[in-house]
Amino acid sequence: MLWHKAWVDTRWRFLIALALLLVPACGSSLSFPSVRDFLASIELPVVADEEAAAAFRESLELTRTFRGYAWSQWFSQSFPVLLTLFAALLGSGSPLVKGGSGALFSLALPVARGRWIGTRAGTALAELFVLALAPSLVFAALAPVVGEQFAVTEALAYGVSAFAGASLFLGLAVFLSTLFSDVWRPLLLTCAGALAVGMIVPHDYGLFQAMGGTSYFFMGTLAWPELLVGAVAAAALAYAAAANVARRDF
Amino acid sequence: MADELIIQTVDIRKRYGNVEALAGVDLKIPRGAVCGLLGRNGAGKTTTIKVLLGMVRPTSGVASVFGLPATDAKASLEIRKRAAFVSEDKDLYGGVTVGELIRFTAAFYPQWRADRASEYLAAFELRVGATTRELSRGMRTKLALLLALSTGAELLILDEPMSGLDPAAIEQVLQIIVKQAGRDGTTVLFSSHQLADVEQIADRIAIVDRGRVVVDGALDDLRDAYRRVQLVFDGAAPDAKLQSSGIVSLRRDGRVLSVLCKAGEAEVVAEARALSPKGVDVLPVSLKEIFLETVGVEN
C-alpha cells in the first residue's frame, strides 16, 4: 500500500517526464537521415581558429553514423541534463512534510518513519530507472526504421550511466525534502547543486561526463569510479534523510 | 484488569527553544475510560497527544501507552497498531476517494472492522466515490472518524473531534463514541473546547494548563469534590482572607462572597459564618466552573 501511495503521489511527474524524454528521443532517432543528408550537403565554413574548426569537423564526423549521432546529439548532451532535472523533481516532496497533506495521518499509522522515506525514495528511484532506460532503448528500437543499427547493450550502457549519476541528485532532493516543508526549495536547491557540480568539475571529467557515457562511446567501458561515487552518495543521502525524519518532531 | 492503566505519563516536559510546551504532565487513564482532555489554546493538549503517539519526543519524562514506552520507535509502532488517532486539522490525503482511503487504511490494521466501516459510511452518509477534496470540513471530520473507529483499536485518541461539525453531527459523533466505548470497551482520550460535549460523554477529566495537568480524575468524583460556598452580606462583602484548606478561589462581587473549594466545604462554611453573613449557600459546581477557575479565567 505504501508503494501504491508513493506511485500515486509521483505518477504525474513521472508520466510527464517520460513523455518529455520519449518525444525528443523518438524525434532525434527518426530525423537522423535528414540531418545526415543536410550536413553532407553543406560546405565547411572557413574558420580562422584551427581548434574550433577541428571541433566542428569532429562534430560533423560523429553525425555521419547513427551511433555517433545518437551519442553526440542525445546521450552526451540533453539527456543527462533532462534526467538530472527529473531526478530532482521526482525526489522533491516528502510524504512526512510537517503541516503537509496527510502528514499526521501518515505518522499515526503503524509504519516506521524510515519506511515512509524509503518507500518514497525507492519508488522515485524505480521511476528514474525507467526514465533512464526507456528513451535509450528508443534509439535501439527505432534505428532499423531509419535503416541503421544501434545495439541494445550500448543503449543500456548509456541508460545505466545516466541513471547512476542522476540517482545522486535524486538522493539530494530526497534529503532536502526532509529539511523543507515545500516542494520548490528542494527542487531548486538540487538543481543549483547540479549546476555547481557541472561548473566546478572540469569539463572532461566528472559526473556529467560519466552520465553522458563518454568513456563508453570512445573506449567501450563505463566510468565506474564516478558512477560508483554517485550511487554511494545517493545511498548516503537517502540514509541521512531517513535519519533526519526519525529524529524530528511533527 | 479494570484498573489497568492504558496511558500513564510521569513528569513529561517538552521545550521548543525558550518555550516550555509541557512543564511536567502527569496523566493516568485506566482501560475503558472516556477521558476528556481540556485546556485553553496552547495549554499543551495536542503536544501531550503527540508525545503519546511518538510524533513528538519529550525533553524529559516517561510516557507509556499499553505499558509500552511511547518514546521508543519500535514500541511506538506497536502502540500505533493498537491505537487510532484523529488529528485536530483532520488532514487526509488529497485527491483520493473515500473508498481508496478506506482500503489504504485497512491494509495497516489486521483487526480492521469492515462491518464498522460500512456502518459508519451509511451513518455519516459518505459516498465512497467522492474525493477527499470534494468533502466539506465536516464530512472530512466524519471520514477521519470513520477510519479511526474502524481500525478495531483498543485506544482512540481524538484531537478536537467535534471541530467543524454542526450541532446535529456533533450529537451523532458523541453518540457513536459512547457506543464504541460501550460495546468494545475502547478507551477514549479526546480533547475538546466544548465543555458541554465533554460533560455529556466523558467519565474522566484531565485539565491541562500551561503545560501541566492541574485537574485529573473521574468526573463524578470532581463534581462531588468541588463545591461553591456563597455568602450573602447586608452590605458590601468583607475583604476577608479565609484560611481553610481546599479553597481554590475566592471572589467578591458586591454583597456576595463566592468561595470555590475542593473538599472540606464544612470547614469553609464554619469559617465563613464567623464573618456573620446574612445567608450561606453550598452549591454544586459545573464542569465549566471547575475549568474556568482552575485555568484562572474570570467567569
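Tabulated data for the structure shown
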item: Checklist (1) surrounded by fewer than 18 Cβ atoms within 10 Å (Cβ to Cβ); (2) within 10 Å of chain A (Cβ to nearest Cβ) applied to B:Ser60, failing item; result: (2)
item: Enumeration of residues in segment B:136-163 that are surrounded by 19 or more Cβ atoms within 10 Å (Cβ to Cβ) and either outside any helix (DSSP H, G or I) or not assigned by TED's automatic domain parsing to the domain that holds B:Leu38 (or both); result: B:Ser150, B:Thr151, B:Ala153, B:Glu154, B:Leu155, B:Leu156, B:Ile157, B:Leu158, B:Asp159, B:Glu160, B:Pro161, B:Met162
item: Verdict on B:Val98 being within 30 Å of B:Leu195 (Cβ to Cβ) and either modelled with pLDDT of 95 or more or not assigned by TED's automatic domain parsing to the domain that holds B:Val188 (or both); result: no
item: Sole residue being touching a Phe, Trp or Tyr at 6+ places or on another chain (Cβ under 8 Å) and over 30 Å from A:Ser101 (Cβ atoms), chosen from A:Val160, A:Val232, A:Val197; result: A:Val197
item: Every residue from segment B:63-83 that is surrounded by fewer than 20 Cβ atoms within 10 Å (Cβ to Cβ), within 13 Å of chain A (Cβ to nearest Cβ) and assigned to a strand (DSSP E or B); result: B:Leu68
item: Any hit, segment B:41-53, residues being touching a residue at least 12 places away in the same chain (Cβ under 8 Å), in contact with a Phe, Trp or Tyr (Cβ under 7 Å, 6 or more places away or on another chain) and facing another protein chain (nearest Cβ under 9 Å); result: yes
item: Complete set of residues in segment A:131-154 that are crowded, with 22+ Cβ neighbours inside 10 Å and not hydroxyl-bearing (Ser, Thr, Tyr); result: A:Leu131, A:Ala132, A:Pro135, A:Val138, A:Phe139, A:Phe150
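For (1) over 30 Å from B:Glu125 (Cα atoms); (2) among the aliphatic types (A, V, I, L, M); (3) part of a loop (DSSP other than H, G, I, E, B); (4) not assigned by TED's automatic domain parsing to the domain that holds B:Thr48, each residue gets a yes or a no:
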{"residue": "B:Ala169", "(1), (2), (3), (4)": "no, yes, no, no"}
{"residue": "B:Val173", "(1), (2), (3), (4)": "no, yes, no, no"}
{"residue": "B:Val178", "(1), (2), (3), (4)": "no, yes, no, no"}
{"residue": "B:Arg183", "(1), (2), (3), (4)": "no, no, no, no"}
{"residue": "B:Leu189", "(1), (2), (3), (4)": "no, yes, no, no"}
{"residue": "B:Ala206", "(1), (2), (3), (4)": "yes, yes, no, no"}
{"residue": "B:Ala237", "(1), (2), (3), (4)": "yes, yes, yes, yes"}
{"residue": "B:Ser244", "(1), (2), (3), (4)": "yes, no, yes, yes"}
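The values are calculated or read from the model by the stated rules, or taken from the named source; none is laboratory data. In this text the structure is predicted, and so the values were computed from the model without any measurement. All Cβ positions, glycine included, derive from the backbone under ideal geometry; neighbour counts span all protein chains shown.
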